[in-house]
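Undergrad: Before I ask anything, here is the structure I am working with.
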Amino acid sequence: MPTTIAVIGDRDEVSRPHAATEASLRHAADHAGIELKFEWLPTESLDADDVEQRLSRFDGHWIAPGSPYRSLNGALRAIRFARERDRPLIGTCGGFQHAVLEFARDVLGLTDAQHAEYDPYASVLFVTPLACSLVGKTMPVRLKPGSRVASILQADKIAARYYCNFGLNPAFRDRLETAGLRIVGEDEQGEARIVELSGHQFFVATLFLPQFDSTPDRPHPLIAAFVRVAADS
């Protein structure tokens, strides 16, 4: 039986991040000798009543870049499903932003938490514009010693490639960490760039795009780890 991955997002044929997402999954699977199939699930399709049945068919879930999604609710439902059911999940760029937003609403109880890309005037802006755009930039990220991500990457600092303009509102980072969503990667100013969920078999989200640094000979370690866990789940 092949390992199956749901890519949650609204696929754009000309999107470089989307093409890199697909390629990086192939790199990881081929390098490990894993038979893998992936399927894009448009966010609007996850507004349906049978959303759990749709998501249960997959061994792992990738919350793809490309926000704002056509359905914010659909994306958040997919993240909640993976988090509550202990299903392997990776989120990149917009996937990071929505992973922290889902946690704010469904774990912290901030039901009116919002992403500024959808509503810049919301009362509780959990995801806010970055001080400067990171689109096309490569920046250093410090990894937290002892974290799962640091163990996977075998490093205490990496260079990361970005494609985003929004990130976690720093005012809420302590509440996230207290509730179990740990910030395990920071930029040089201490801003959150990677989160991982304590006690979950694999729940990692990066504000940068590791798929941009994946090749057939050297799959990105985070994506390779995600695929392996999905294959074993």
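The values are calculated or read from the model by the stated rules, or taken from the named source; none is laboratory data. These numbers come from a predicted model, not from an experiment. Glycine gets a Cβ as well: all are built from the backbone with ideal geometry, and neighbour counts include every protein chain shown.
Undergrad: What are the residues in segment 137-191 that are of a type in the set (Phe, Trp, Tyr) and either touching a Lys or Arg at 6+ places or on another chain (Cβ under 6 Å) or closer than 19 Å to residue 106 by Cβ (or both), if any?
TA: Across segment 137-191, the qualifying residues are 162, 172.
Undergrad: Would you confirm whether any residue within segment 44-52 is acidic (Asp, Glu), touching a helix residue (DSSP H, G or I) at 6+ places or on another chain (Cβ under 7 Å), surrounded by fewer than 17 Cβ atoms within 10 Å (Cβ to Cβ) and at pLDDT 95 or above?
TA: Yes, because at least one residue in segment 44-52 is acidic (Asp, Glu), touching a helix residue (DSSP H, G or I) at 6+ places or on another chain (Cβ under 7 Å), surrounded by fewer than 17 Cβ atoms within 10 Å (Cβ to Cβ) and at pLDDT 95 or above.
Undergrad: May I ask you to list the residues in segment 5-31 that are buried (at least 16 other Cβ atoms within 10 Å of the Cβ) and over 25 Å from residue 136 (Cα atoms)?
TA: 5, 6, 29, 31
Undergrad: For residue 171, work out the one condition from (1) over 30 Å from residue 29 (Cα atoms); (2) within 15 Å of the chain's Cα centre (by Cα); (3) of a type outside the set (D, E, K, R); (4) in a helix (DSSP H, G or I) it doesn't fulfil.
TA: Every listed condition holds for residue 171 apart from (2).
Undergrad: So how many residues does segment 1-20 have that are assigned to a helix (DSSP H, G or I) and of a type in the set (A, V, I, L, M)?
TA: The total comes to 2.
Undergrad: Also: Tell me, which residue of segment 153-182 that is out of contact with any Pro (no Cβ under 8 Å at 6 or more places or on another chain) and among the hydrophobic types (A, V, I, L, M, F, W, C) is farthest from residue 123 (Cα to Cα)?
TA: 155
Undergrad: Oh, and also: Quick check on my filter: what residues within segment 33-43 are crowded, with 16+ Cβ neighbours inside 10 Å and over 21 Å from residue 94 (Cα atoms)?
TA: 34, 36 - these are the residues of segment 33-43 that are crowded, with 16+ Cβ neighbours inside 10 Å and over 21 Å from residue 94 (Cα atoms).
Undergrad: Please go through segment 210-221 and pick out each residue that is hydrophobic (A, V, I, L, M, F, W, C) and crowded, with 24+ Cβ neighbours inside 10 Å. Walk me through how you get there before you give the answer.
TA: So in segment 210-221, the residues hydrophobic (A, V, I, L, M, F, W, C) come out as 212.
Across segment 210-221, there are no qualifying residues.
Undergrad: Which of the residues that make up segment 37-63 are hydrophobic (A, V, I, L, M, F, W, C), in contact with a Lys or Arg (Cβ under 8 Å, 6 or more places away or on another chain) and under 22 Å from residue 23 (Cβ atoms)?
TA: If the condition is that a residue be hydrophobic (A, V, I, L, M, F, W, C), in contact with a Lys or Arg (Cβ under 8 Å, 6 or more places away or on another chain) and under 22 Å from residue 23 (Cβ atoms), then 40, 41, 58 are the ones that fit.
Undergrad: What number of residues within segment 129-150 are modelled with pLDDT of 90 or more, over 14 Å from residue 213 (Cβ atoms) and exposed (fewer than 14 other Cβ atoms within 10 Å of the Cβ)?
TA: Summing the residues that are modelled with pLDDT of 90 or more, over 14 Å from residue 213 (Cβ atoms) and exposed (fewer than 14 other Cβ atoms within 10 Å of the Cβ) in segment 129-150 gives 2.
Undergrad: Here is a further query. Is there a residue in segment 182-201 that is surrounded by fewer than 21 Cβ atoms within 10 Å (Cβ to Cβ), of a type in the set (Lys, Arg) and in contact (Cβ under 8 Å) with a residue 12 or more places away in the chain?
TA: Yes.
Undergrad: Right, next: Since residue 69 meets every condition but one in (1) in contact with a strand residue (DSSP E or B) (Cβ under 8 Å, 6 or more places away or on another chain); (2) surrounded by 23 or more Cβ atoms within 10 Å (Cβ to Cβ); (3) at pLDDT 95 or above, which condition does it not meet?
TA: Among (1) in contact with a strand residue (DSSP E or B) (Cβ under 8 Å, 6 or more places away or on another chain); (2) surrounded by 23 or more Cβ atoms within 10 Å (Cβ to Cβ); (3) at pLDDT 95 or above, the lone unmet condition for residue 69 is (1).
Undergrad: What do you reckon, is residue 76 of a type in the set (A, V, I, L, M) and in contact with a His (Cβ under 8 Å, 6 or more places away or on another chain)?
TA: yes
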